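Since the structure comes first, as structure tokens, the remarks are kept for the end.
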Amino acid sequence: MRSPSPVRQRRGFALAMSLLAIVVIGAMVAGGYLAGIQYYRIGRNSLVEQRAMAATELGLDSAYAMWNKSWNTQPTGTVTTLAYSAGDGSWVDTVRMTKLNQLSLLIVSEGRAGGFATPISARRRAGMLVRLNVPSVNQIGALTSRGTVTIGGSTAISGLDTTFSGWGCPPSGTGVAGAAVPNLSNLAWGGNCAAGACISGTPSLKITATAADTNTYFSYGSLKWPQLVAMADKSVSGTLTHVKASTVVSGGVPTCNRADNSNWGDPARAAPAGVCESYFPIVYAPGDISINGDQGQGVLLVNGNLSIQGGFVFYGQIIVRGTVKLTGNGNHVYGGVMAANVIDSTDASKLAGNSSIHYSKCALTTVFLSASTSTRAPQRSWIELF
């Protein structure tokens with residue numbers, strides 16, 4: 001008789017596999033959760049950083065798009081702080097504009113996002129290099145004319161560099177010719193100007209074919225006559241009397257009334273300083289105009305003929321497509337006058353009375369700097385700082 005075989009013990013492994021599966025699944029769930037959290041945080045951080053960068057670029061673009069011409073004439077090293085706001089939860093922290101030199105400015109904008117209702121925040125900073133697109137006028141002489149010029153009375157024309165107190169002018173530099181014309185036959189003189197005695201400069205009289213070239217009068221470096229006209233701050237016509245600075249009171253504080261068509265800035269440089277001293281408008285006349293007093297500064301563009309009488313004093317550049325007539329007493333121009341005589345070449349420009357034209361590099365530089373537009377540097381104008 002055989003005894004029964006002993007029962008074999010079979011230890012199970014289901015529990016171990018179950019525990020292992022639970023651990024693996026738990027690790028996968030935890031890993032997925034952590035990965036999801038990480039991706040969420042990365043996405044949230046990226047969004048905040050993008051908002052900060054958008055605010056930074058808003059600061060740069062706003063300063064560039066809403067350019068204030070008063071920045072053009074600031075002294076080198078001047079730092080201007082601006083403020084702009086964004087509407088997406090970010091904000092422009094600071095925009096600082098630094099005048100690097102006469103023609104270049106650096107705009108640095110810093111934007112922020114987050115930091116108030118959220119535990120995260122971002123800060124970005126970028127810079128942009130801006131250059132001034134200054135009109136480049138070929139001022140051959142204090143008076144440059146393509147047509148005939150009649151000089152009489154007690155007129156004085158000087159191509160020697162003239163400076164003024166209160167304008168921050170550098171020392172007088174090299175001047176230009178007193179008068180520049182295509183031919184000697186373009187000049188007729190009398191009174192105290194017999195044989196050109198009233199004309200001085202380096203030289204006093206310049207005969208050059210450049211004075212007959214219309215590009216001299218209508219091409220200004222990268223700008224042309226239509227572009228300069230399009231930059232005009234105001235348009236005038238007819239007879240203008242008592243051109244002078246005017247103010248308007250806002251909140252008890254007087255400000256320069258730039259909307260007034262007879263306000264052409266304030267060249268007097270009084271003490272205390274007038275509110276229109278930094279206003280150098282580009283004034284455009286689509287036809288003939290006549291000016292009778294008082295004073296102005298800037299750039300005057302006349303698409304017809306210009307007549308000045310009655311003690312008018314002007315600081316800056318005058319460019320006329322037709323003729324220029326200065327008659328009577330007290331008419332003085334400090335800067336430069338150009339008469340293209342392309343409207344009515346049979347007529348002559350005329351200077352009489354005790355009128356005077358004085359070349360001034362300081363006046364021309366100042367008004368053209370003020371009138372210039374801003375443009376991004378041609379290469380690498382934008383840089384991300386952090």
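The values are calculated or read from the model by the stated rules, or taken from the named source; none is laboratory data. What you see is a predicted model, and the numbers here were worked out from it, not measured in a lab. A quick note on method: Cβ atoms are made from the backbone with ideal geometry, for glycine too, and the neighbour counts reach across all protein chains shown.
Tell me, please, whether a residue that is basic (Lys, Arg) and under 32 Å from the mean Cα position of the chain (by Cα) can be found in segment 366-378. Checked against the condition, which is being basic (Lys, Arg) and under 32 Å from the mean Cα position of the chain (by Cα), segment 366-378 yields at least one hit. The residues of segment 313-368 that are of a type in the set (Phe, Trp, Tyr) and either surrounded by fewer than 20 Cβ atoms within 10 Å (Cβ to Cβ) or under 16 Å from Ser165 (Cα atoms) (or both), listed by number, are Phe314, Tyr315, Tyr334, Tyr359. Filtering segment 286-305 to residues that are assigned to a strand (DSSP E or B), under 20 Å from Asn215 (Cα atoms) and free of Cβ contacts under 8 Å to residues at least 60 places away in the same chain leaves Leu300, Val302.
Counting only residues that are closer than 30 Å to Thr94 by Cα and among the basic types (Lys, Arg), which one in segment 118-159 is surrounded by the most Cβ atoms within 10 Å (Cβ to Cβ)? Only one residue tops the list, namely Arg124.
Considering Ser90, Ser3, Ser85, the condition of being more than 46 Å from the chain's Cα centre (by Cα) and at pLDDT below 85 is satisfied by Ser3 alone.
Would you confirm whether any residue within segment 307-319 is in a loop (DSSP other than H, G, I, E, B) and of a type in the set (Val, Ile, Thr)? No; the residues of segment 307-319 include none that is in a loop (DSSP other than H, G, I, E, B) and of a type in the set (Val, Ile, Thr).
Within the bounds of segment 40-52, is there any residue that is touching a strand residue (DSSP E or B) at 6+ places or on another chain (Cβ under 7 Å), among the small types (Gly, Ala, Ser) and crowded, with 18+ Cβ neighbours inside 10 Å? Yes; the residues of segment 40-52 include at least one that is touching a strand residue (DSSP E or B) at 6+ places or on another chain (Cβ under 7 Å), among the small types (Gly, Ala, Ser) and crowded, with 18+ Cβ neighbours inside 10 Å.
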